[in-house]
Structure formats: structure tokens, C-alpha cells
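The block underneath contains the structure these notes are about, expressed in C-alpha cells.
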Amino acid sequence: MIEVIYLLNSGFLLRTGNIVLVFDAFDDPAGVLPKFIAEECYERLYFLASHAHFDHFSPMIAAYAPETTRYILSDDIRQHSGAAQMPPNKTSWIGIYDRWQDDRITVTSFSSTDEGTSFLVETDGRRIFHAGDFNWWDWTGDTERNRKLAENGFRKQMKQIAGQTFDLAFFPVDGRLETSMERGVRVFCAETDTKALVSMHSVGYPAWQPSVGFFNEGQEIPVWSPRIAGERYSF
Ligand SMILES: [Zn+2]
């Protein structure tokens, strides 16, 4: 079983076996982290951050340094004013198409269509993907040229991920993209073997439901679109 708790935006706490992963925690309005970290049983706790944007990284995660096994942070976060607050002896910086591992987890990074990286984490026999801000950012009001550039950038990067199997994937389905909000996740689901999906990066918008025909018949997978900080789901 994989247990997931929604923090906010693209921020999630995930537990599989005795391993706890926290992705892109920049805010925690429901107070999930202090409670979980103090009260739950686990062996290892890892924080990962995909890039330096305010809605993905905050040095507030340094507050959990005593309990943290490792902070695995995208290289671009080094330039963030909060980087100095991260404990140097527990922080690893990861580039694009890079790898970090210890005896329990392997983290592989991919390029994003925005800043920083997306992550594949292999742990406890699972393969978990967190997209960061990797997406087909098709802004409907933008120029044709820019929209084509966004598509090309997305498809180019998608080639690096196509064919991979993920037990669980976190992917942006951003309400601001309006009629284009599903474009990226649809290609992602079609070109990877993703077994369960969490949508993210859509604060303030209604919970997303895949549209009719999103999945080919017989290929539906569990989808969770959390809205309220602190919501939980098990896969
Ligand atoms: Zn973002």
C-alpha cells in the first residue's frame, strides 16, 4: 500500500513501508508534517524539491532536519535565498538527468519544461514519479508560436520518459489552462505505463475528473484529485 497525504499545490507526503517521501512541500496549512513526523513510525524520511519556485520549495522544510535522512533538492534551488538554511551535511543537490541513491531509495531526475527537474523515486519495490512543473503548458490565450514551442518542449521531454512503468505518478492538471488542462496528463498517461495517478498544481479549482474518453476502454486507473490540505488517499 502507498499512503499519500496532500499538503498543498504539488506538495505531498507519501509513505510506502517504512519509507516516507515528501515532495515539493512549500506550505503545510493543515499541519500534516509536524504531526506525522512526530507521531508516526518510519525508518527513513526524505524531502525532495523539484525547483526553486515559491510554490514548490520553502526552507521551512529545514525545520525537520533532526528527523530527516536526506534532502534531495534540484540544483537551481542553490540560488534561492533559503538555500543557506538547508543543513549542508544532509542536503544533496541533483541536476537534470542525474541520480542519487542510498541503500533504500534511488532518485533519477529528468528535465522539466519549466525550471528544475521531475523525479522518479524507486523504493520499497515501487516506482513513483513526481512531475514537478513538467507539463504541456498550453496557455490558451498565448500566441500560436508560443503554444507550438510549449508543445514541442513537452513532447521532446516526454520522449525521455515514454515507456516507463510507474506505480504512482503525480502530474499537473492546472485549472488555469482551461480547455487545455488535460493535454499534458493525457499524453503522459498514454505514453507511460502509469498504474495510479494523482493530479496536482490546481489550487482553487474544482477537483479534476478525467473527461470521457480520457482512458482507452478497459485501461482506466485510479485517479485522485485532492482539494483540501490534509486529505488522504491510499493506493
Ligand atoms: Zn509550479
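How many residues does the stretch 172-218 contain that are assigned to a loop (DSSP other than H, G, I, E, B) and small (G, A, S)?
7
Taking only the stretch 136-156 into account, find how many residues are outside any loop (DSSP other than H, G, I, E, B) and more than 16 Å from the ligand (Cβ to nearest atom).
Final tally of qualifying residues: 10.
Each row is one residue, and each column tells you yes or no for (1) more than 16 Å from the ligand (Cβ to nearest atom); (2) within 19 Å of the chain's Cα centre (by Cα).
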{"site": "L8", "(1), (2)": "no, yes"}
{"site": "I37", "(1), (2)": "yes, no"}
{"site": "H51", "(1), (2)": "no, yes"}
{"site": "T91", "(1), (2)": "yes, yes"}
{"site": "W100", "(1), (2)": "yes, yes"}
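Return yes when P66 is out of contact with any Pro (no Cβ under 8 Å at 6 or more places or on another chain) and over 16 Å from F23 (Cα atoms) and no when it is not.
For P66, the condition - out of contact with any Pro (no Cβ under 8 Å at 6 or more places or on another chain) and over 16 Å from F23 (Cα atoms) - is met.
Hey, among the residues in the stretch 102-130 that are in contact (Cβ under 8 Å) with a residue 12 or more places away in the chain, not in a strand (DSSP E or B) and not hydroxyl-bearing (S, T, Y), which one's nearest to the ligand (Cβ to nearest atom)?
Only one residue tops the list, namely D114.
Of all residues in the stretch 53-74 being of a type in the set (G, A, S) and either more than 16 Å from the ligand (Cβ to nearest atom) or crowded, with 23+ Cβ neighbours inside 10 Å (or both), which is nearest to Q101 (Cα to Cα)?
S74
Quick one: is A49 closer than 19 Å to H130 by Cβ and in contact (Cβ under 8 Å) with a residue 12 or more places away in the chain?
Answer is yes for this residue.
Considering (1) of a type in the set (G, A, S); (2) in contact (Cβ under 8 Å) with a residue 40 or more places away in the chain; (3) within 16 Å of the ligand (Cβ to nearest atom), say which one A25 fails and leave the rest.
It is condition (2) that A25 fails.
Right, D114: more than 18 Å from I2 (Cα to Cα), among the charged types (D, E, K, R) and surrounded by 16 or more Cβ atoms within 10 Å (Cβ to Cβ) or not?
Taking the combined requirement at face value, the residue satisfies it.
Quick one: which of D174, D133 is among the acidic types (D, E), within 20 Å of I96 (Cα to Cα) and within 16 Å of the ligand (Cβ to nearest atom)?
Sole residue among the options that is among the acidic types (D, E), within 20 Å of I96 (Cα to Cα) and within 16 Å of the ligand (Cβ to nearest atom): D133.
Within the stretch 160-171, can you find the residues that are free of Cβ contacts under 8 Å to residues at least 60 places away in the same chain, more than 16 Å from the ligand (Cβ to nearest atom), among the hydrophobic types (A, V, I, L, M, F, W, C) and not in a loop (DSSP other than H, G, I, E, B)?
Those that are free of Cβ contacts under 8 Å to residues at least 60 places away in the same chain, more than 16 Å from the ligand (Cβ to nearest atom), among the hydrophobic types (A, V, I, L, M, F, W, C) and not in a loop (DSSP other than H, G, I, E, B): I161, F166, A169.
Filter the stretch 73-96 down to the residues that are in a loop (DSSP other than H, G, I, E, B) and closer than 12 Å to E115 by Cβ and list them by number.
Passing the criteria: H80, I96.
Read-outs: derived from the displayed coordinates by stated rules, not from any lab. For clarity, every value in this text was computed on a predicted model and none was experimentally measured. No Cβ is skipped: glycine too gets one built from the backbone with ideal geometry, and neighbour counts run over all protein chains shown.
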